[in-house]
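What follows is one structure encoded as structure tokens, with my remarks underneath.
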Amino acid sequence: MSIAFLFPGRGSQRPGMLHRLPDTTASATVLAEADGALRALVARSGAGTGAGAGGEHADSIAELDTAEALERSPVACHIALFVAGVAGARALVEDEEVRPALVAGHDVGGYAAAVLAEVLTFEEALRAVRLRGLLLERGEEPEGDVAVRLAQHLATIPRRPQAVPYVSGVFGRCLRGDTNAVFDDLARSVALPVRWEEMTVALTQEGTRCCVELPPGRALTGRVAAELPGMAAVSVEEHGIATAAELVRSATGRPGKRSADRDAAGLGEFGPIGFGPGTFGQGGAGQGPSDPHAGPAWRTDQSGLA
């Protein structure tokens, strides 16, 4: 039974979201990669990430998710959402052995989905996401013209075959073996609304049994649960990485990683293998987030989701 990874976009951000990511090796690697790539990009361009103020906000991952940065800088918001989505996905894939059969993203979340589909490298997607945020931050062009600029940028990136089918929010259908269409979706998503109903139909037709929403989102999980009876919906932000992984395995009939580890070690049901609480920031592996404020509100001006 298929698993779909859903990556949220603008409206899902919340202060401290990068510090609540799963405390796993894969997640830490993504954060380090993002920090190095961002610093290199800023050094080459000579421009800060901040809200048009020449570096008013720090150009490193550690301070991208402050309340001020997320509120004032579309660039910070874009990058933080992108990094959170990829870090959560890689933690599931590499640390918990939960792999998607499909990926989909809303708004900037599409770029994280494209990384999982392997049509963009992490650094390529980070550059595109930063450019998207910069163009929106400057506000010098209508969103339709921003989409054209993004398409021109994406045209310079080598085309690679898709490793995973990509459900397009712009076209409302599943894209297979069509990297050009994925890039078209990424560019157009800045100006066009998400075709949510068509996306859910595509997910159902592809045999999706469980939708996993990556950090920092929760809104899509609620919509899937309410609108698609019989389809499981799991939010990594809500449950923490280890519990989310176990819920996915239970929903799809896959053997639990913890049970498999115990069996391989000959430890039986009460062996010492387990998952302790995370230590990265406020959350971590096996823990839900400590943020008491749930439920991001979707940008109704872009997606029609409330």
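The values are calculated or read from the model by the stated rules, or taken from the named source; none is laboratory data. Remember, it's a predicted structure, so these values are computed and weren't measured experimentally. No Cβ is skipped: glycine too gets one built from the backbone with ideal geometry, and neighbour counts run over all protein chains shown. In case anyone asks, the SASA skips ligands and DNA or RNA and just uses the protein heavy atoms, side chains included. Shrake-Rupley method; radii C 1.70, N 1.55, O 1.52, S 1.80 Å.
Points to keep in mind about this one:
- The listed residues Leu247, Leu131, Leu38, once ranked by accessible area (1.4 Å probe) with the largest placed first, stand as Leu247, Leu131, Leu38.
- The phi torsions of the stretch 162-178, fed into the Karplus equation with coefficients 6.51, -1.76 and 1.60 and a -60° offset, translate into couplings of 5, 8, 9, x, 10, 8, 7, x, 6, 8, x, 8, 7, 9, 10, x, 9 Hz, rounded to whole numbers, with Gly and Pro shown as x.
- Solvent-accessible area of Glu143 with every protein chain in place, 1.4 Å probe, in Å² to the nearest 10: 70
- Ranked from largest to smallest solvent-accessible area, with a 1.4 Å probe on the protein heavy atoms, Thr156, Thr179, Thr29 come out as Thr156, Thr29, Thr179.
- Karplus-derived 3J(HN,Hα), 6.51/-1.76/1.60, for each residue of the stretch 119-130, Hz, glycine and proline x: 8, 10, 6, 4, 5, 4, 5, 4, 4, 5, 5, 5
- Of the whole protein surface, His239 contributes about 60 Å² of accessible area at a 1.4 Å probe radius.
- From most to least packed by mean Cβ count within 10 Å, the peptides 85-95, 132-142, 201-211 give 85-95, 201-211, 132-142.
- Amide H contacts of Glu213 (H built 1.01 Å from N, in plane; Pro and chain starts excluded): Leu6, Val234, Ser235, Val236 sit under 5 Å, all sequence-distant by 5 or more or on other chains.
- Accessible area (Å², 1.4 Å probe, nearest 10) - Arg127: 80
- Within the shell defined by Cβ-Cβ distances under 12 Å, the residues around Ala163 carry a net charge of +2, with Lys and Arg each +1 and Asp and Glu each -1.
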